[in-house]
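Engineer: This is the structure, below, for whatever I ask next.
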Amino acid sequence: MAHPALHLYVLAILLLALSFKATSTSTSTSTHNRRGLNSLHFTLYQQEAINKTVYLIVKGVTGPDVSPSASPFGSLFVNQDLLTISPNSSSKVVGVAEGASITSSLDGLTNIVMEKITLELKHYKGSVSVLGTAHNIKVIDLPVVGGTGDFMFVQGYIKPSLVTFENPNIVYKIEFHLYWPSYVANHFSHSDRSSTVNGV
Ligand SMILES: *[C@@H]1O[C@H](CO)[C@@H](O)[C@H](O)[C@H]1NC(C)=O
Ligand SMILES: *[C@@H]1O[C@H](CO)[C@@H](O)[C@H](O)[C@H]1NC(C)=O
C-alpha cells in the first residue's frame with residue numbers, strides 16, 4: 001500500500017482536480033483510466049447565427065403532423081460555427097463546427113446531423129466527426145464516430161443543449177465525452193499526455 005502521506009497527497013490533488021472541474025466553465029478537462037480506456041471530458045459553446053453561420057439551403061416539404069418547433073421534412077441546413085470556451089461569443093475561440101443537418105422525421109422534429117468539429121485545445125489538436133440524430137426539443141447524445149490528429153480513433157459522444165436563442169443568434173452548450181480505445185492508448189501513449197492535463 002502507498003505511504004499514508006502519499007495517500008493524502010493524492011487525495012488532495014484529486015479534490016483539487018474535482019473542484020477545478022466543478023467551478024470552471026471553460027475548457028476544463030479531466031481524464032480517467034477505466035479498463036484501459038483513456039477519456040477526455042470538456043465543455044465548449046457553439047456560436048451560431050441564422051443567415052450568417054447557418055443557412056437553410058433546401059426547403060423541405062410540410063409533413064402530416066407539424067408542430068411549432070418542427071422544420072419541414074427534408075430541410076437541409078448547413079453551418080460553420082465557432083466554438084468558444086464560454087457562452088459569451090467574445091470569449092476565446094478553440095474550435096470550428098462544420099456540418100449539415102437534414103430534417104428526417106415526418107413530424108419535423110428529428111434531424112440527421114453530421115459535423116466535423118476541428119479543435120485546438122491546449123494539449124489536443126485535431127478533429128472529431130459526429131454523426132447521429134438531433135431532436136428539436138429533447139437533448140439527445142450524438143455519437144462521435146472518429147477523429148483526426150490527437151483525436152485519431154476516438155469514440156464517444158457529444159451532448160448539445162440550447163443555452164440562448166436571441167434571434168438571429170443561437171448559443172449551444174456542447175459537452176464532449178471522448179474515449180480512446182486501449183490499443184490506441186498503448187500505441188500512442190495518450191495516457192502520458194492525458195495525465196498532464198490535470199497535472200496529476
Ligand atoms: C462578453 O465579453 C466581452 C469581452 O470580454 C465583454 O465586454 C462583455 O461584457 C461580455 N458580455 C457578457 C454578456 O458577459
Ligand atoms: C434568413 O433568410 C431567409 C431567406 O432570405 C429569410 O426568410 C429569414 O427570415 C431570415 N432569417 C433571419 C433570422 O434573418
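Engineer: In sequence order, what are the phi-derived ³J(HN,Hα) couplings for region 134-148 according to the Karplus relation 6.51 cos²θ - 1.76 cosθ + 1.60 with θ = phi - 60°, rounded to whole Hz, with x for glycine and proline?
Structural biologist: Computed from phi, the couplings for region 134-148 are 10, 10, 5, 10, 7, 8, 10, 6, 10, x, 8, 9, x, x, 10 Hz.
Engineer: Under the 0.36 nm per residue contour assumption, what length would be gained going from the current alpha-carbon distance of residue 182 and residue 86 to full extension?
Structural biologist: Result: 31.4 nm gained on full extension.
Engineer: Just for the Cα atoms in region 102-160, what are the lengths along the principal axes, largest first, rounded to whole Å?
Structural biologist: Extents along the principal axes, in whole Å: 42, 15, 15.
Engineer: Then there's this: Could you give the radius of gyration (one decimal) and Dmax (whole number) of the Cα atoms in region 34-145, in Å?
Structural biologist: Radius of gyration, then largest Cα-Cα span, for region 34-145: 15.7, 49 Å.
Engineer: Next question. Using 23 Å as the Cα-Cα cut-off, could you pick out the over-long pairs in 59/159; 122/173; 52/138; 52/116; 92/173?
Structural biologist: On the way: 59/159 27 Å; 122/173 19 Å; 52/138 25 Å; 52/116 18 Å; 92/173 15 Å.
Violating the 23 Å limit, Cα to Cα: 59/159; 52/138.
Engineer: With a cap of 14 neighbouring Cβ atoms within 10 Å, and only residues DSSP puts in a loop, list the trypsin sites (Lys or Arg not before Pro) found in region 112-154.
Structural biologist: Details: sites: 116, 122, 125, 138; in loops: 122, 138.
Filter output for region 112-154: 122, 138.
Read-outs throughout are calculated quantities, based only on the coordinates presented, and are distinct from any laboratory measurement. Everything numeric here is computed off the predicted structure, so don't read it as measured data. Every residue, glycine among them, receives a Cβ derived from its backbone with ideal geometry; neighbour counts consider all protein chains shown.
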